[in-house]
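Every number in this text was worked out from the coordinates using simple rules, so none of it is lab data. These numbers come from a predicted model, not from an experiment. No Cβ is skipped: glycine too gets one built from the backbone with ideal geometry, and neighbour counts run over all protein chains shown.
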Amino acid sequence: MKNNNHLFGGIEGGGTKFVCAVGVDPDNIRAEARFSTTTPQETMAQAVDFFKQQEAALGRLSAIGFACFGPLDPNPVSPTYGRILPTPKPGWTNADVVGMLRNSFDIPIAFDTDVNGAALGEWRWGKARGLDTFIYLTVGTGVGGGAYVEGKLLHGLIHPEMGHIAVKHDFEADPFEGVCPFHGDCFEGLASGVAIEKRWGQRGSTLSNDHIAWELEADYIAQALASYSFMLSPQRIIVGGGVGSLPHLLPKIQQRTKERINGYIQSPVILENIKSYIVSPGLGNRSGMLGAIALAEQALQRS
Ligand code: ZN
């Protein structure tokens with residue numbers, strides 16, 4: 001289906017801020033708004049108001065894509081579809097966020113994780129164009145991954161939780177106990193922006209590029225990327241997020257991932273061209289917002 005006559009709404013719902021946009025593709029974003037994430041009712045009402053205003057100015061939306069922080073229920077046949085699942089974020093557990101959109105818009109609505117949305121955005125317009133199996137990982141305040149497997153976004157039972165895999169934790173090198181409320185020293189517990197700040201007593205953005213923190217960080221990320229490589233056989237891994245996108249960190253991650261895989265995956269892209277295997281997002285920090293637009297486009301195609 002051609003997009004020429006369509007206009008899409010996209011919501012990138014984060015734990016601290018929401019970004020809403022109306023447009024068609026990266027070169028045609030007609031309007032954009034961002035606001036703080038407060039209560040579900042207030043935040044979703046702001047999103048609805050924004051889209052209503054844009055419809056009045058630009059014309060009717062054809063579909064809305066909503067790429068949201070999780071955990072959430074993305075399964076359309078589940079009784080809790082469209083809701084946020086139990087989360088430490090006050091007020092959001094069980095919030096029927098898709099229902100709040102449906103009350104105002106009788107058009108196709110797609111609902112997925114923020115990282116699956118970002119993955120789809122990268123597939124549509126970024127560094128995953130033409131691939132059928134890849135991973136989008138974000139390392140920022142939290143850690144999460146979306147997977148596109150053999151031509152579609154992976155959901156399975158609920159959706160992947162790539163931030164919570166176990167990693168080897170050498171307590172001599174890193175005595176920090178981790179910050180995950182569920183697992184302590186899982187990957188996110190050791191490598192998130194929150195973990196960095198708590199371990200070193202200062203924000204990652206204030207640590208110098210040659211601080212030992214980055215060796216540790218690159219190693220945890222590399223352990224995770226090696227595990228994902230063994231499990232899903234991705235053709236590429238895109239690493240984004242406030243921490244993951246740091247230019248000085250990427251070469252360390254590439255090198256250490258290659259060392260961790262240690263020649264076992266016999267593919268030239270890993271053996272000879274690790275820089276094209278592990279890459280930064282092609283859409284920069286717009287993967288999530290544009291991914292929401294891509295989700296809307298897909299919802300319309302499927303309707
Ligand atoms: Zn965890």
**Item:** Among ALA21, ALA56, ALA128: highest mean-square fluctuation, GNM of the chain, C-alpha pairs under 10 Å
**Value:** ALA56
**Prompt:** Which of VAL22, VAL77, VAL139 comes first, and how do the rest follow, when ranked by fewest Cβ neighbours within 10 Å?
**Reply:** VAL77, VAL22, VAL139
**Request:** Restricting to the chain, compute how many DSSP beta bridges are antiparallel as a %, nearest 5.
**Result:** 60
**Prompt:** Which GluC sites (Glu not before Pro) from the range 134-206 combine a DSSP loop assignment with at most 11 other Cβ atoms within 10 Å?
**Reply:** GLU150, GLU172
**Prompt:** Among THR87, CYS68, GLY242, whose Cα lies farthest out toward the positive end of the dipole of the chain, if unit charges sit on the beta carbon of Lys, Arg (+1) and Asp, Glu (-1)?
**Reply:** CYS68
**Message:** Can you compute the charge dipole magnitude of the range 54-162 about its Cα centre, using +1 on each Lys and Arg Cβ and -1 on each Asp and Glu Cβ, nothing else charged? Give it in debye, rounded to the nearest 20.
**Reply:** 140
**Asked** Counting other C-beta atoms within 10 Å, which of CYS180, CYS68 has the fewest, and how do the rest follow?
**Response** CYS180, CYS68
**Asked** Given LYS17/LYS198; LYS89/LYS127; LYS127/LYS152; LYS198/LYS252; LYS89/LYS252, which pairs have Cα atoms separated by over 24 Å?
**Response** LYS89/LYS127; LYS89/LYS252
**Pairwise FRET efficiency - ALA213 versus GLU42, Cβ, R0 = 25 Å, nearest 0.05** = 0.10
**Asked** At what distance in angstrom do the alpha carbon centres of the range 230-297 and the range 33-54 lie from each other?
**Response** 32
**Message:** Please give the charge dipole size of the chain, origin at the Cα centre, charges +1 on K and R Cβ atoms and -1 on D and E Cβ atoms. Round to the nearest 20 debye.
**Reply:** 640
**Request:** Could you list ASP112, ASP185, ASP49 in order of exposure, starting from the residue whose Cβ has the fewest other Cβ atoms within 10 Å?
**Result:** ASP49, ASP185, ASP112
**Prompt:** Which helices of the chain meet both criteria: a Cα extent of 20 Å or more along the helical axis and a mean Kyte-Doolittle score no lower than 0.5, with helices taken as whole DSSP H segments?
**Reply:** 212-232, 287-302
**Asked** Which semi-axis lengths, in whole Å and largest first, follow from the square roots of five times the eigenvalues of the Cα gyration tensor of the range 127-281?
**Response** 25, 18, 14
**Request:** Go through LEU58, LEU283, PRO160 and say which Cα lies farthest out towards the positive end of the charge dipole of the chain; charges sit on Cβ, +1 for Lys and Arg, -1 for Asp and Glu.
**Result:** LEU58
**Asked** In nm, to one decimal, how far is the modelled label at SER104 from the one at TYR264, with both set 7 Å along Cα→Cβ?
**Response** 5.0
**Item:** 17 Å tail of the calculated P(r), the range 59-168, as % of Cα pairs
**Value:** 58
**Message:** Need the C-alpha centroid separation for the range 151-227 versus the range 73-128, integer Å.
**Reply:** 25
**Total charge dipole magnitude, the range 127-281, about the Cα centre, Cβ charges on Lys, Arg, Asp, Glu only, Debye to nearest 20** = 560
**Fill in**
Using eta = 0.692 mPa s and T = 37 °C, Stokes-Einstein with Kirkwood Rh from Cα pairs puts D for the chain, in µm² s⁻¹, at 167
